[in-house]
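Okay, structure first, notes after.
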Amino acid sequence: MYRLPPANVMSYSAERGTVQRRTYWAIPQKTTSRSLKETVEEADALLGEAVAEELVSDVPVGVFLSGGIDSSLVATYATKASPHMKSFCADFVGWSGSELEDSRIVATHLDTVHNVCSIDRLSSVLTNRETEREFFQVWDEPLGDPAILPTWKLSKLTREHVTVALSGDGGDEMFAGYTPYAQVQATLRRKIAWYVESSRRKLGLGREWPDACESDCEFYQFLHCPSFSRTELTCLFPDWQRDIDEAVPGRLFNDIIDRNAAPFRRWQLVDMQT
């Protein structure tokens with residue numbers, strides 16, 4: 001069983017008994033140069049248009065608002081198109097990093113009807129079979145991100161008020177917001193490390209990683225999302241030994257990355273497409 005890649009559609013011909021798959025959209029590889037003023041104006045217009053399109057609905061629409069840059073931007077464009085919108089925030093009770101006050105500042109500024117979902121240690125436990133079943137049935141596929149638990153709690157509260165909620169997901173990929181982008185700048189030391197690792201790999205002496213940083217893109221991906229080694233994969237999935245043996249380090253990146261693109265551009269493409 002396989003899932004379709006992003007932006008793909010599959011069709012089946014009953015007459016011919018054939019299956020066809022096509023890509024209906026892809027991230028443009030070509031980059032253009034323009035002034036900061038032009039870039040800001042175009043980004044402003046595109047974001048406004050994109051958010052306005054998502055607000056066209058037959059059901060009530062709200063917005064997730066953590067107070068960070070991405071969700072605050074979405075909320076700003078949403079309230080321009082639909083004033084006094086309902087906003088929703090998750091407050092991690094007792095945690096010094098809670099974004100509650102940030103979200104309230106933005107909500108007050110935008111004049112949204114702000115709702116807070118309080119999440120503490122006790123409420124983050126799946127206490128019984130019925131709760132467990134409800135939790136796992138809402139996901140289309142297994143997810144390893146611990147943030148899905150508070151997101152589920154927040155979504156349950158949100159559903160009591162609106163049917164659809166916009167979020168700021170994708171902002172870090174679109175605007176290069178992830179901190180690993182800064183952690184993998186190609187310093188002289190890192191260039192040497194990548195060269196040594198690449199040489200070891202060619203001699204068959206590379207470290208036992210599926211993606212063993214033979215390039216800056218693989219090094220970035222390993223920093224950002226550590227991989228299992230072949231030995232670990234074999235222990236976890238013994239029936240998939242052939243697939244594990246055939247896995248080619250770097251193949252994923254070679255398929256989607258323009259090696260001539262600037263490093264930030266390549267890392268953004270890695271994040272967007274994986």
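The values are calculated or read from the model by the stated rules, or taken from the named source; none is laboratory data. Model, not experiment: these values are computed from the prediction. For neighbour counting, all protein chains shown are included, and Cβ atoms are generated from backbone atoms with ideal geometry for every residue, glycine included.
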query: Out of (1) of a type in the set (Gly, Ala, Ser); (2) within 20 Å of Gly144 (Cα to Cα); (3) at pLDDT below 70, what's the single condition that is false for Ser229?
result: (3)
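Among the listed residues Gly48, Gly67, which satisfies the condition of being of a type outside the set (Phe, Trp, Tyr), touching a Cys at 6+ places or on another chain (Cβ under 8 Å) and either within 29 Å of Arg159 (Cα to Cα) or touching a residue at least 40 places away in the same chain (Cβ under 8 Å) (or both)?
Values: Gly48 fails: touching a Cys at 6+ places or on another chain (Cβ under 8 Å).
Going through Gly48, Gly67 in turn, just one is of a type outside the set (Phe, Trp, Tyr), touching a Cys at 6+ places or on another chain (Cβ under 8 Å) and either within 29 Å of Arg159 (Cα to Cα) or touching a residue at least 40 places away in the same chain (Cβ under 8 Å) (or both): Gly67.
Go over the candidates Pro146, Pro150 one by one and state the one that is out of contact with any Phe, Trp or Tyr (no Cβ under 6 Å at 6 or more places or on another chain), at negative phi and loosely packed, with under 13 Cβ neighbours inside 10 Å.
Working: Pro150 fails: loosely packed, with under 13 Cβ neighbours inside 10 Å.
After ruling out the rest, the residue left standing is Pro146.
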field: In the range 165-198, the residues that are at pLDDT 75 or above and of a type in the set (Val, Ile, Thr)
entry: Thr179, Thr187, Ile192, Val196
field: Members of the range 90-115 that are without any contact (Cβ under 8 Å) to a residue 40 or more places away in the chain and within 20 Å of the chain's Cα centre (by Cα)
entry: Glu99
- request: Identify, by number, the condition in (1) of a type in the set (A, V, I, L, M, F, W, C); (2) at pLDDT below 90; (3) touching an Asp or Glu at 6+ places or on another chain (Cβ under 7 Å) that Leu100 doesn't meet.
  value: (2)
